[in-house]
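Everything below concerns the one structure shown next.
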Amino acid sequence: MTAPLYNTRILRLAATIPHHERLPDPMASAEKRSPVCGSRVTVDVALDQAGRVSALGMQVRACALGQASASLMGAHAVGRSLAELAAARDALAAWLAGERDAPPDWPELDIFAPALPHSARHPSIRLAFEAVAEAVAQALARHEDAA
C-alpha cells in the first residue's frame, strides 16, 4: 500500500510556513510559478557579508505540497550559501525526476516520497527551492556589480 499524497505531516507544514511576510527592503527577489497548477512562490532575501542568507521573506500561494516545501525551505535557508541552496534545489529536482534514489540532504524532504510517482506535483514542490536560489544569485550578482 502506498502512503497518501497529502498526510498530516504535509498539512501541518503547509499551515506553518516561517518567514511568510515579504521583506520591506530585500537585496533581491524571485518569483516562481508552476504552469501546471498555478502555484506561485515569491522569495525575498537579504545576505550577510559572507553572502549567506541573513533574512528571508516569502509569499506562498500554492497547493499543500508547495506550501509544505516552502515551509521546509524557509525553516532551514537562513545561514545558507548559494552553493548550499543550489545543491539542495538540484538534488530535489533530480530526486523528484527519479535520477537519484535518496532524498536531498535537507531536513524532512523525505515527506515528499509519496509524490514521486505524481510528476504533475513536482513543479510546486520545487518552487520555493528554485526561487530562493535565484534570489540569492541575484543578490550576489548585484553586490558584485556594485563593488
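Each value in this text was obtained by applying a stated rule to the coordinates, not by laboratory testing. If you're wondering where the values come from, they're calculated on a predicted model, not measured in any experiment. A quick note on method: Cβ atoms are made from the backbone with ideal geometry, for glycine too, and the neighbour counts reach across all protein chains shown.
Dipole of region 1-84, Cα-centred, from +1 at each Lys and Arg C-beta and -1 at each Asp and Glu C-beta, to the nearest 20 debye?
Magnitude of the dipole: close to 320 debye.
Net charge around residue 129, counting only other residues with Cβ within less than 12 Å of its Cβ (Lys, Arg = +1; Asp, Glu = -1)?
Net of charged neighbours comes to 0.
Sorting check: for 100-106, 14-20, which peptide has the highest mean count of neighbouring beta carbons within 10 Å, and how do the rest follow? Numbers along the way, then the final one.
Working: 100-106: 13.9, 14-20: 16.9.
With the highest mean Cβ count within 10 Å placed first, the list reads 14-20, 100-106.
What is the set of long-range amide H partners of residue 80 at a cut-off below 5 Å, with H atoms built 1.01 Å from backbone N?
53
With P(r) over Cα pairs in 5 Å bins from 0, in percent in mind, check (i) 2, 11, 21, 24, 20, 12, 7, 3, 1, 0, 0, 0; (ii) 2, 8, 14, 18, 18, 15, 12, 8, 4, 2, 1, 0; (iii) 2, 9, 17, 18, 16, 12, 9, 7, 5, 3, 1, 0, 0 and report the label derived from this structure.
Read-out taken from this structure: (i).
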